[in-house]
Amino acid sequence: MISITILPAEIHGGFKHIATEYEIATDEYFENIIYDETDYIYLYTKLVNLTVETGKEYFVRARALLDSGGYTELSAIHIVTPSEAKVLTIDTPVPAKIGPPTLYFDEDVNQNEVPTKNIKINVNGFETISGVSLKAITYILTDVNGEYVDGSISNEEDLESHIFTKQLFPNKIYRISASFMGDNNNVSQFASITFITKDEITVWDYSLIL
């Protein structure tokens, strides 16, 4: 297991840091990458559950994904050498596990003909194994290639539904993903729903003026 902590990126132009891509390799040239994940929740600290060899060097780097869709430059490469793990007994309760959300459109919306703007997604199914309340929901809209299009991170207002206002292309495949966050700051796995936007046709009205 490897723990990664990064400092906030210095971002210019008014853009926002919405996710962090973490990479781990067994060589300094990153020709053998054993871990590569873009995380929309843990932007500055990431605990990576990898089976690693004690005493072996691993190479780690990261970069920020911006709301423009672009990335910052990659960070400097850091070398991690795992040591022997120790068993710790912690005298605190285990955080409650939160189940993933259920996503669905309104009944009058055909999943294969979704409007290209103001897309409303409904969310329910918040459950935990103990008394934890729903604090926020993260909503992410991506295209068919997994590229970020629109989203709202740790939204504490839209706890039942969210509207994506960005204009999408017609007749394209998109995916909406969402994750719960409890008031103990524990988060659920992301649940996703895939849809196709309407093939919009513009009808021109040619009127003859005499």
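The values are calculated or read from the model by the stated rules, or taken from the named source; none is laboratory data. Bear in mind that the values here come from a model prediction, so they are computed numbers and not experimental data. Virtual Cβ from ideal backbone geometry, glycine too; neighbours counted across all protein chains shown.
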Run G125 past the list (1) touching a Ser or Thr at 6+ places or on another chain (Cβ under 6 Å); (2) small (G, A, S); (3) closer than 26 Å to E21 by Cβ and report the number of the one that doesn't hold.
-> (3)
Can you find even one residue in region 138-156 that is out of contact with any Cys (no Cβ under 6 Å at 6 or more places or on another chain), over 23 Å from K16 (Cβ atoms) and of a type outside the set (A, V, I, L, M, F, W, C)?
-> no
Scope region 2-54; condition farther than 19 Å from E73 by Cβ, free of Cβ contacts under 8 Å to residues at least 60 places away in the same chain and not polar (S, T, N, Q); matching residues | D27, E31, I34, Y35, Y42, L47, V48, L50, V52, E53
Take I79 and decide whether it is surrounded by 10 or more Cβ atoms within 10 Å (Cβ to Cβ), in a strand (DSSP E or B), in contact with a Phe, Trp or Tyr (Cβ under 8 Å, 6 or more places away or on another chain) and modelled with pLDDT of 85 or more.
-> no
If you scan region 28-50, which residues turn out to be within 23 Å of D150 (Cα to Cα) and either assigned to a loop (DSSP other than H, G, I, E, B) or in contact with a helix residue (DSSP H, G or I) (Cβ under 7 Å, 6 or more places away or on another chain) (or both)?
-> Y40, I41, Y42, L43, Y44
